[in-house]
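Below is one structure, written out as structure tokens; comments come after it.
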């Protein structure tokens with residue numbers, strides 16, 4: 001009975017231990033991956049991540065506990081055999097101990113030696129031992145070879161599968177993003193109220209050892225200013241936007257918004273107070289309304305108003321489910337231009353003091369582009385707007401244009417002044433047929 005209780009207790013302990021361990025490992029893995037910076041996802045194949053969350057977690061859930069249960073079950077079986085042989089023939093203990101120490105040498109040889117020892121000892125004690133006890137001892141000792149093989153096999157299975165734990169724990173050591181919120185933060189609720197941006201010797205690297213994407217930029221953008229950022233591919237235009245949102249952390253220098261150093265506030269506090277309309281519009285699986293207002297902070301009237309201003313009202317009105325229209329993963333059941341307009345509507349709803357447009361109208365036709373630009377001019381008139389320009393005509397009426405090249409600012413002035421200086425911007429405008 002004691003052996004049965006031991007086996008039952010072991011099974012329960014391994015099952016509960018396995019569930020608790022697997023839960024902890026999975027939660028740690030999920031938290032670590034979700035807190036990883038964008039650079040991690042750029043260098044980590046998605047197949048690796050899927051494997052960690054499926055195959056490796058499955059091994060931790062099923063294979064390791066099963067292997068441990070099997071191994072301990074056979075260990076108890078071996079213990080049972082040893083007890084029976086010892087009870088049947090007490091003097092067999094002298095032989096059993098050295099034989100057990102041989103475990104690593106040769107299992108078959110060990111098992112057969114144990115059978116031989118049991119049979120020989122039975123013959124030696126035939127005058128005192130009953131035939132029934134001898135039969136019990138010898139028949140049980142015959143099982144030892146198989147039991148030892150299964151112990152080694154199940155232990156090998158556990159060793160093979162324990163690699164899954166190492167793979168899951170590997171992501172615990174990867175670099176993480178800064179804290180999302182900082183306790184005791186004194187950040188005003190309405191921040192930023194003005195929308196001034198100041199860069200002081202701001203430098204950026206995508207990874208250590210790589211060339212500088214931005215090489216010590218100093219720049220001051222005033223309240224309500226409309227600034228266009230232009231330059232050839234790889235000049236550092238998008239890197240500037242990544243730096244403002246702390247998608248990439250500063251390698252040197254600082255960025256101040258309304259006089260507050262953005263490196264000293266939580267990521268969520270920063271990113272929820274400024275708006276970006278990205279180059280690649282992002283939509284999630286779910287209703288159109290959820291994509292426009294994920295936290296249910298606005299009324300239906302406000303949502304429809306944003307759709308009207310982003311020139312999507314007629315399209316959404318024509319949908320059978322209207323605002324409840326289900327967007328597929330990545331918004332694939334909407335065209336690229338429509339997705340871009342949904343991002344514009346989202347920005348119009350949030351209406352923060354700083355708006356960053358990262359070549360946001362590159363995917364729409366000229367007519368829609370003109371409509372979007374007129375919306376931005378009227379609706380974001382009292383905001384600071386930074387536009388990474390794909391089409392130069394969209395920024396010709398901006399207060400200032402910054403021309404970038406190889407991570408540096410090469411020209412900075414009003415569009416008319418830059419054209420009269422006949423520098424890089426003038427050449428770009430001439431290529432575009434604007435002068």
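A short reminder: the numbers here are calculations on the coordinates, not readings from a lab. Computed from a predicted structure; not experimentally measured. Methodologically, a virtual Cβ is constructed for each residue, glycine included, from the backbone with ideal geometry; neighbour enumeration extends over all protein chains shown.
Working out 0.36 nm times the residue gap between residue 295 and residue 129, then minus their Cα-Cα distance, what length gain in nm do you get to one decimal?
Full-extension gain reported as 51.6 nm.
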Inset, instruction - Could you work out how far the C-alpha centroid of the range 15-69 sits from that of the range 351-426, in angstrom? - result: 45
Legend entry - For the chain, built as a Gaussian network whose Cα springs stay under 10 Å, the top-fluctuating residue of 65, 45, 179: 45
Legend entry - Förster-model FRET efficiency, 30 Å R0, residue 417 and residue 261, C-beta, rounded to 0.05: 0.45
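FRET efficiency for residue 83 and residue 172, Cβ-Cβ distance as r, R0 = 35 Å, nearest 0.05? Kindly include the intermediate steps, with their values, before the conclusion.
Working: r = 43 Å, r/R0 = 1.24.
According to the calculation, E is roughly 0.20.
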Legend entry - Computed lengthening from residue 49 to residue 218, 0.36 nm per intervening residue step minus Cα-Cα distance: 57.0 nm
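Only bridges with both residues in the chain count here: give the DSSP antiparallel percent, nearest 5. Show your work: numbers first, answer last.
Working: 20 of 37 bridges.
Antiparallel bridges make up about 55 percent of those DSSP assigns within the chain.
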Legend entry - Label zone at residue 21 (point 7 Å along Cα-to-Cβ), backbone N below 16 Å, the range 130-153: none
Legend entry - Separation between Cα centres of the range 115-194 and the range 228-272, rounded to whole Å: 49
Legend entry - residue 12 paired with residue 163, simple spin-label distance in nm, labels 7 Å along Cα-to-beta-carbon: 3.6
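Can you classify the range 297-435 as rounded, prolate or oblate using the Cα gyration tensor, where a ≥ b ≥ c are the square roots of its eigenvalues, rounded means a/c under 1.5, and otherwise it's prolate if a/b beats b/c and oblate if not?
On the way: a/c = 2.58, a/b = 2.11, b/c = 1.22.
Prolate, because a/c is 1.5 or more and a/b exceeds b/c.
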Inset, instruction - Just the Kirkwood number for the chain, please: inverse of mean 1/r across all distinct Cα pairs, in Å, one decimal. - result: 27.6
Legend entry - Estimated 222 nm signal from helices in the chain, with DSSP H stretches of n ≥ 4 weighted -39500 (n - 2.57), rounded to 500: -15000 deg cm²/dmol
Inset, instruction - Place a label point 7 angstrom from the Cα of residue 191 along the Cα-to-Cβ direction, then list the residues of the range 253-293 whose backbone nitrogen is under 16 Å away. - result: 254-275
Legend entry - the range 197-431, relative contact order in percent, only Cα pairs under 8 angstrom and at least six apart counted: 27
Inset, instruction - Would you mind computing, in nm to one decimal, how far apart the modelled labels at residue 5 and residue 396 are, each placed 7 Å from Cα along Cα→Cβ? - result: 9.2
